[in-house]
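The values are calculated or read from the model by the stated rules, or taken from the named source; none is laboratory data. These numbers come from a predicted model, not from an experiment. In this analysis, Cβ positions are derived from the backbone assuming ideal geometry, glycine residues included, and neighbour counts consider all displayed protein chains. To get the accessible areas, we keep the full protein, side chains included, count just its heavy atoms, and leave off ligands, DNA and RNA. Shrake-Rupley method; radii C 1.70, N 1.55, O 1.52, S 1.80 Å.
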Amino acid sequence: MMNTEPTDPQPGELAIADYPELAGREFAVSDWVAIDQERVTMFGVATEHRHWLHLDPERAVRDGPYGGTLAHGFLVTSLLSHFMDNVRMRPCDAAFGLNYGYDRVRYLAPLVTGPQTRIRDRISIMETTWRPGGRLMVKTANHFEQDGNPDPIAYAEWLILWVPKGGEGQR
């Protein structure tokens, strides 16, 4: 059973002003996250995407081309917030971060679901842009890796706007 308790993410040690100097460098590699059938099923139900290739293990083995059910591509990229918190990327002086969307997303290989399936995120800071009110737009490159697969299974360029404490009411 998945944990459904709310959390209060712990910030890292870096301040918002530290991020521009990290542009062009790898920031961190997250811990592994299990991608089992329960997680895939919950995602399919939550997003109304209940195709048999994702939710019916028996049929996926019998009729599908991959020997099992597949994790949704959007499930993989939806874990970006978790991976960011896992590596403590939140600046210590940020009130919060706003998901600003993606510049680019590519799903490079199918992710077959199984009891040993797990993924992680290799996060790099691509660029930063200062915005009014001391806010900082950060663009990350995220290479999603599957345990045992030498090639990335997905790639995303993600934008997040860090809002400093005391700057929450500014637009």
(message) On the basis of being under 15 Å from residue 157 (Cβ atoms) and among the basic types (Lys, Arg), does residue 106 make the cut?
(response) yes
(message) Go through (1) at pLDDT 95 or above; (2) surrounded by fewer than 19 Cβ atoms within 10 Å (Cβ to Cβ); (3) of a type outside the set (S, T, N, Q); (4) not in a loop (DSSP other than H, G, I, E, B) for residue 110 and report which single condition fails.
(response) (4)
(request) Of the conditions (1) open to solvent by 20 Å² or more (accessible area, probe 1.4 Å); (2) closer than 30 Å to residue 58 by Cα, residue 79 clears all except one; give me its number. (result) (1)
(message) Against the definition (in contact (Cβ under 8 Å) with a residue 60 or more places away in the chain and open to solvent by 100 Å² or more (accessible area, probe 1.4 Å)), how does residue 88 come out, yes or no?
(response) yes
(message) Tell me yes or no: at least one residue of the stretch 130-147 is farther than 21 Å from residue 10 by Cβ, in contact with a strand residue (DSSP E or B) (Cβ under 6 Å, 6 or more places away or on another chain) and of a type in the set (S, T, N, Q).
(response) yes
(request) Might you check whether a residue that is touching a residue at least 60 places away in the same chain (Cβ under 8 Å), open to solvent by less than 40 Å² (accessible area, probe 1.4 Å) and touching a Phe, Trp or Tyr at 6+ places or on another chain (Cβ under 9 Å) occurs anywhere in the stretch 32-47? (result) yes
(request) Go through the stretch 1-51 residue by residue and tally those that are of a type in the set (Lys, Arg) and assigned to a helix (DSSP H, G or I). (result) 1
(request) Output the residues belonging to the stretch 57-72 that are open to solvent by less than 60 Å² (accessible area, probe 1.4 Å) and under 12 Å from residue 113 (Cα atoms). (result) 57, 60, 67, 68, 69, 70, 71, 72
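If we keep just the residues of the stretch 92-107 that are surrounded by 16 or more Cβ atoms within 10 Å (Cβ to Cβ) and of a type in the set (Gly, Ala, Ser), which is farthest from the chain's Cα centre (by Cα)?
This residue is 94.
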(message) So, residue 76, is that one in a helix (DSSP H, G or I) and over 19 Å from residue 29 (Cα atoms) or not?
(response) no
(message) Just to be sure before I move on: is residue 138 part of a strand (DSSP E or B), crowded, with 16+ Cβ neighbours inside 10 Å, among the β-branched types (Val, Ile, Thr) and free of Cβ contacts under 8 Å to residues at least 60 places away in the same chain in the structure I sent?
(response) no
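Which of the residues that make up the stretch 40-79 are of a type in the set (Phe, Trp, Tyr) and in contact with a His (Cβ under 7 Å, 6 or more places away or on another chain)?
43
Please work out if residue 2 is on the phi < 0 side of the Ramachandran plot, at pLDDT below 95 and not polar (S, T, N, Q).
yes
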